[in-house]
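What follows is a set of notes on a single structure, which appears directly below.
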Amino acid sequence: MSILHRIRKPLLPLGLLFAGCSPNPYKAANRSYKDQVKQYARTIAVRPLASGVDSVPPAPYWVGTTNFNLRKPNFVIIHHTAQNSCPQTLQTFTVARTQVSAHYVICRDGTVYHMLNDYLRAWQAGLSKWGNITDVNSISIGIELDNNGFEPFPPEQINSLLRLLTRLKTTYNVPTANFIGHGDIAPTRKNDPSSFFPWKELADKGFGLWYSDTTGVCVPEGFSTLTALRLIGYDVKDSAAAAQAFKRHFEADSTKTWGLTDEKVLYTLYRQYQ
Ligand SMILES: [Zn+2]
């Protein structure tokens, strides 16, 4: 048996052995995830607070309450990735220099990647505000949809999203009104998800509020557009940006103009918040 022959012989079985088994390209990221989780576990295991670390006079001994559990997310923030593929987004969320992440990434074919435990804080909302909430990351789950921002969302992707939202709403008791978009909470910086996103379909299934029929609706004199937008949650510091975000979400319209039709939609929705 020649050396060549001996080398060749095991090649076939080895090839068969590895067929259909692709190596995980995210091994290093997964190791980093595990290490960070361990570190945070150590942080929450610390008995608060060591005496002398703040202005509270120390008690004679530590008393741990017996009654507690984990804090739960209360909002779901929906995004589009503004990227071209799921692997591109997975790569973005697994390198430290980008400083961005999300709990879930949903691909165009409906595949769902769960990238972070729901109880941990993803870096997805950024500088944002909804009502008086200024740290949206601390109270929300972030979901990224693979979409470049200029295309419709395929039914497979929306179906996976709806299944995921159903689980999140049930598990964490997320209120219907608290399913919103990144563009809603950061109107001057963000426009995702785009006006292609089917918010009405979501609202019909209990994820987000929606306005009723505006036929024959008469907006009363003295109705304040800004007050209504603010009551819903929008940051009206830049009123034009807030109005545009509202139109994108509720009228699938990304233009900046504001007219009577928009006012009627806002008024009928606003009444649900009173
Ligand atoms: Zn976003």
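Quick note: the coordinates plus some simple rules give every number you see, no bench work behind them. All figures in this text were calculated on a predicted structure; none of them were measured in a lab. When we count neighbours, we look across all protein chains shown, and the Cβ atoms used for this are built from the backbone with ideal geometry, even at glycine.
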Inset, instruction - Would you mind working out the magnitude of the charge dipole of the chain relative to its Cα centre, with +1 at each Lys and Arg C-beta and -1 at each Asp and Glu C-beta, to the nearest 20 Debye? - result: 1400 debye
Legend entry - Mean Cβ count within 10 Å, highest first, over the residues of peptides 107-119, 181-193: 181-193, 107-119
Legend entry - Residues of type lysines that residue 38 reaches as a straight line, Cα spacing below 28 Å, ignoring anything fewer than 8 places off in the same chain: 27, 72, 169
Inset, instruction - Net charge near residue 115: determine it from the other residues with C-beta under 15 Å of the C-beta of residue 115, scoring Lys and Arg +1 and Asp and Glu -1. - result: +1
Legend entry - Dipole magnitude of region 230-274 about its Cα centre (Cβ charges: Lys, Arg +1; Asp, Glu -1), debye to nearest 20: 80 debye
Inset, instruction - Among 179, 117, 220, pick out the residue whose Cα is farthest towards the positive end of the charge dipole of the chain, where Lys and Arg carry +1 and Asp and Glu carry -1 on C-beta, about the Cα centre. - result: 117
Legend entry - Proximal aspartates and glutamates relative to residue 264, as straight alpha-carbon distance under 14 Å, when same-chain residues fewer than 8 apart are discounted: 213, 221, 251
Legend entry - Over region 62-176, equivalent-ellipsoid semi-axes from the Cα gyration tensor in Å: 27, 17, 14
Inset, instruction - With both partners inside the chain, how many of the DSSP beta bridges are antiparallel, as a percent to the nearest 5? - result: 25 percent
Inset, instruction - With a 4.7 Å Cβ cut-off, tell me which Cys residues in the chain come up empty for a partner. - result: 21, 218
Legend entry - Degrees, to the nearest 10: 27-45 long Cα axis against longest axis of the chain: 60 degrees
Legend entry - Local electrostatic count at residue 205 - Lys and Arg +1, Asp and Glu -1, tallied over other residues with Cβ under 15 Å: +2
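Expressed as a fraction of 2.2 N^0.38 Å, the rule-of-thumb size for a compact globular protein of N residues, what is the C-alpha radius of gyration of the chain? Mind dumping the intermediate values first?
Details: Rg = 24.2 Å, N = 274, 2.2 N^0.38 = 18.6 Å.
It is 1.31.
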Legend entry - residue 257 paired with residue 148, simple spin-label distance in nm, labels 7 Å along Cα-to-beta-carbon: 2.9 nm
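Give me the net charge for the shell around residue 34: Cβ to Cβ below 15 angstrom, other residues only, Lys and Arg +1, Asp and Glu -1. Don't skip to the answer; put the middle values down first.
On the way: positive: 27, 31, 38, 42; negative: 35.
Local charge sum for residue 34: +3.
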Inset, instruction - May I ask which residue of 206, 165, 103 lies farthest towards the positive end of the charge dipole of the chain, with charges of +1 (Lys, Arg) and -1 (Asp, Glu) on Cβ and the Cα centre as origin? - result: 103
Inset, instruction - Could you tell me how many degrees, from 0 to 90 and to the nearest 10, lie between the Cα long axis of helix 155-172 and the main elongation axis, the longest principal axis, of the Cα atoms of the chain? - result: 80 degrees
Legend entry - Positive-end residue, region 133-274 charge dipole about Cα centroid, Cβ charges, pick of 246, 149, 136: 136
Inset, instruction - Taking the Cα centre of region 100-227 as origin, sum charge times position over the Cβ atoms of Lys and Arg (+1) and Asp and Glu (-1), and report the length of that vector in debye to the nearest 20. - result: 300 debye
